[in-house]
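J.: Structure below; questions to follow.
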Amino acid sequence: MNIAPRLRALSRRFALVWVGFVLLLAVAPVHDVHAQSAAQSVRLVVDYGDGVVKIFDRLPWSKGITVLDVLNAAKASAHGITFSYTGLGPSALLTDIDGLQNQGGGSSAKNWQYWVNTTYAQKSFAVFDVQAEDTVFWRFTTEHGG
């Protein structure tokens, strides 16, 4: 009795079952804490206007947080940012990110401006409420709302 053909057949079956199992794991939805927490997060993108962009994924979100809170969360992350602002509440104005300061008025002056998702913000970052899964986008640019 030659057992070698039977072992090869069993090995092939095992390999096919293993490949099927791995494929099933790859496409099956994952229901764990990470998937749930990702839905309760926001993203921050900082575009320095010179080709450098920093992205902070999965910053913590909770009801009532503002763009200022998002910046503070990025500041506290391992490779965070620094930023400064003047004023409070509806009159707060961001003055710099990572030492790159607003340049003031004039058509060629660059200043920090922000969007939430694809909407240009029309009010202070200190009072703009952010929703779960939003993307806050800061850009150092001359374009007003562009």
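Please treat every number below as a calculation from the coordinates, not as lab data. The model shown is predicted, which means the values in this text are computed figures rather than measured ones. No Cβ is skipped: glycine too gets one built from the backbone with ideal geometry, and neighbour counts run over all protein chains shown.
J.: May I ask you to sort 75, 123 by Cβ crowding, counting other Cβ atoms within 10 Å and putting the fewest first?
T.: By the 10 Å Cβ count, ascending: 123, 75.
J.: Can I ask one more? List residues of segment 50-65, by number, whose backbone nitrogen lies under 13 Å from a label position 7 Å along Cα→C-beta of residue 77.
T.: Residues 53-61 qualify, since their backbone N sits under 13 Å from the label point.
J.: Related question: Subtracting the Cα-Cα distance from 0.36 nm times the residue separation, let me have the gained length for residue 54 to residue 133 in nm, one decimal.
T.: 26.7 nm
J.: Starting from the amide H of residue 65, placed 1.01 Å from N in the peptide plane, find each other amide H under 5 Å away whose residue is 5 or more places distant or on another chain.
T.: 130
J.: Which ³J(HN,Hα) values, rounded to whole Hz and listed in residue order, are derived for segment 68-76 from phi using the Karplus coefficients 6.51, -1.76 and 1.60 in 6.51 cos²θ - 1.76 cosθ + 1.60 with θ = phi - 60°, glycine and proline given as x?
T.: 4, 4, 5, 4, 5, 5, 5, 4, 7
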